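Engineer: Below is a structure I'd like to ask you about.
The values are calculated or read from the model by the stated rules, or taken from the named source; none is laboratory data. Treat the numbers as computed from the prediction; the structure is a model and nothing was measured. Keep in mind that these areas ignore ligands, DNA and RNA; they rest on the heavy atoms of the full protein, side chains included. Shrake-Rupley method; radii C 1.70, N 1.55, O 1.52, S 1.80 Å.
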Amino acid sequence: MKKALISLFAVTVLMTGCATAKTDTATPKASNAPAASADATKAPTAKSDKKVILITPEKIGVNPFFAQEDEGVKKAGKEFGVVVKTVESTDASAIEQNLRAAVADNYDLIITSSFESEDALKKVAAENPKKSFAIIDTVVDLPNVRSVVFREHEASYLLGAAAGLATKKNVVGMVAAVDIPLIKKFTVGFQEGLKATNPNAKFIVNYVGSFTDPAKAKELALTQFAQGADFIAGASAVGDLGVFEAAKEKGFYTSGQDIDRTVTDPEHIVLSQLKGTDAVAYQTVKDFVNGSFKFGAVDYGLKEDGVGLTFVTKESKSTLSPFVGQDVITKVKAIRDDIVSGKVKVENPVK
């Protein structure tokens, strides 16, 4: 599903005690191709003098959430001729240090991500009121910060609705990462969608206590399977790899997060809840370069295609599983339309 985004100049990889840094200087090049569409010709043809840096709160590794952000920033760098750099913090203690280094290096826009970066960004942004910052997937309420958030509860509602229609045993589970307010968008949204389509279904939820523990996630998934669940949603970041392994071993059905995980094992990973971190990272850089960047909170949901569900809002390279079936997809598409139109209200459980 994802395409590799290649800069027009070489990538320089720097290893330091606190981070891994990748710098791309992307300059648009001339082309003899036919004229582009109206939308495509909106991109600037001259190289921008802006410098943008993305600082992730942890190593990108196998976490698609951060990998997509990196891709989105690099895509914007390529299209708008922006110098872009990605710094992967080795641990949470390095985030503040990396933010301060970006300020010292005079980056025009400093982007970071996730609740793990909140405290560090609050401190650094408050001390540098003339510097522009953005944070993805959480809110930092400062006048020089743009906060980009998602209405994950809308996509979770769709996933729960699909699970309620697809389950054959009326027992559905979810292995979630940590019991914090943000994760309620996944657990509560899912449960509401499940009850909307199958009020008799039993819902089991367990928390891993971490975003990076596949072994524990697998253990919890196996426990839920033993309790009769035939569909167990993964919502534990890297821990989902353990849920997928358990599904393959025991033969139950599961779903992934952020990107289309069905392509890795379509027999067992039958759906994926999608989050367009690549799209919002790209849009953030684009707005900054084009002069339409505004501070404050902006959110992306089903209406803006910021979140979604495979087969419902986005097609997949995988074949639809018979466990789900086209009839379920058709019904969930109708629910999606009702959410977008406002006919169905999915409340944010965090507010």
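Engineer: Give me the extension gain from LYS343 to ASP108: residue separation times 0.36 nm, minus the current Cα-Cα distance, reported in nm with one decimal.
Structural biologist: Extra length available between LYS343 and ASP108 comes to 80.4 nm.
Engineer: Probe of 1.4 angstrom, ligands and nucleic acids ignored: what's the accessible area per residue over the chain, in square angstrom?
Structural biologist: 44 Å²
Engineer: Indicate the gyration tensor shape class of region 298-345 (rounded, prolate or oblate), computed on the Cα atoms with a ≥ b ≥ c the square roots of the eigenvalues: a/c under 1.5 is rounded; otherwise a/b larger than b/c is prolate and the rest oblate.
Structural biologist: It comes out oblate by the Cα gyration axes.
Engineer: Treating cross-link reach as a plain straight distance, find the aspartates and glutamates whose alpha-carbon is under 20 Å from the alpha-carbon of LYS168, omitting any fewer than eight places away in the same chain.
Structural biologist: Cα-Cα hits under 20 Å: GLU192, ASP230, GLU249, GLU267, ASP327.
Engineer: In the chain, what percent of the accessible surface is made up of carbon and sulfur (1.4 Å probe, ligands and nucleic acids excluded)?
Structural biologist: 52 percent
Engineer: While we're here: Note the angle between two axes, namely the Cα long axis of helix 181-197 and the longest principal axis of the Cα atoms of the chain, as a number of degrees from 0 to 90, rounded to the nearest 10.
Structural biologist: The angle comes out at about 40 degrees.
Engineer: I've got another one for you. Rounded to whole Å and ordered largest first, report the semi-axes of the equivalent ellipsoid of region 140-250 derived from its Cα gyration tensor (root of 5λ).
Structural biologist: 25, 19, 10
Engineer: Still on this structure, I have one more. Considering only Cα-Cα distances, which of the following residue pairs are longer than 19 Å: LYS78/LYS275; LYS51/LYS78; LYS50/LYS286; LYS50/LYS74; LYS51/LYS74; LYS50/LYS130?
Structural biologist: Correct reply: LYS78/LYS275.
Engineer: Continuing with this model, one more query. I'd like the Karplus ³J(HN,Hα) series for region 99-107: coefficients 6.51, -1.76, 1.60, θ = phi - 60°, whole numbers in Hz, and an x wherever there's a Gly or Pro.
Structural biologist: Taking θ as phi minus 60°, the curve returns 5, 5, 5, 5, 5, 4, 7, 6, 6 Hz for region 99-107.
Engineer: Check LYS51: other-chain or 5+ apart residues with amide H under 5 Å from its amide H, H built from backbone geometry?
Structural biologist: Counting only residues 5 or more places away or on other chains, the set is ASP108, LEU109.
Engineer: State the Cα centre-to-centre distance between region 166-183 and region 93-110 in whole Å.
Structural biologist: So the separation of the two Cα centres works out to 37 Å.
Engineer: Then there's this: Write down the percent of antiparallel bridges among all DSSP beta bridges whose residues are both part of the chain, to the nearest 5.
Structural biologist: Antiparallel: roughly 25 percent of the beta bridges in the chain.
Engineer: Of LYS185/LYS351; LYS59/LYS248; LYS294/LYS333, which pairs sit farther than 21 Å apart, going by alpha carbon to alpha carbon?
Structural biologist: LYS59/LYS248; LYS294/LYS333
Engineer: Let me ask something else. How far is the Cα center of region 273-327 from the Cα center of region 61-81, in Å?
Structural biologist: 14 Å
Engineer: While we're looking at this one, here's another question. For the chain, take the longest principal axis of its alpha carbons; what is the angle in degrees between that and the long axis of helix 152-166, to the nearest 10 within 0 to 90?
Structural biologist: 30 degrees
Engineer: Also, I was wondering about something else. Is the shape of region 194-351 rounded, prolate or oblate, going by the alpha carbon gyration tensor and its root eigenvalues a ≥ b ≥ c, with a/c under 1.5 for rounded and a/b larger than b/c for prolate?
Structural biologist: prolate
Engineer: What does the helix-only formula give at 222 nm for the chain: each DSSP H stretch with n ≥ 4 adding -39500 (n - 2.57), the total divided by the residues, and the result rounded to the nearest 500 deg cm²/dmol?
Structural biologist: -11500 deg cm²/dmol
Engineer: With every protein chain left in place and a probe of 1.4 Å, what is the accessible surface of LEU222, to the nearest 10 Å²?
Structural biologist: Roughly 50 Å² of LEU222 is accessible to a 1.4 Å probe.
Engineer: Calculate how steeply helix 214-226 sits against the longest principal axis of the alpha-carbon atoms of the chain, using the helix alpha-carbon long axis, and give the answer as 0 to 90 degrees to the nearest 10.
Structural biologist: Computed tilt is about 20 degrees.
Engineer: Assign one of three labels to region 121-160, namely rounded, prolate or oblate, based on the Cα gyration tensor with a ≥ b ≥ c the square roots of its eigenvalues; rounded applies when a/c is under 1.5, prolate when it is not and a/b is larger than b/c, and oblate otherwise.
Structural biologist: prolate
Engineer: Bin width 5 Å, origin at 0, all Cα-Cα pairs of region 58-153: what percent of pairs per bin?
Structural biologist: Per 5 Å bin, starting at 0, the Cα pair percentages come out as 2, 13, 24, 26, 22, 11, 2, 0.
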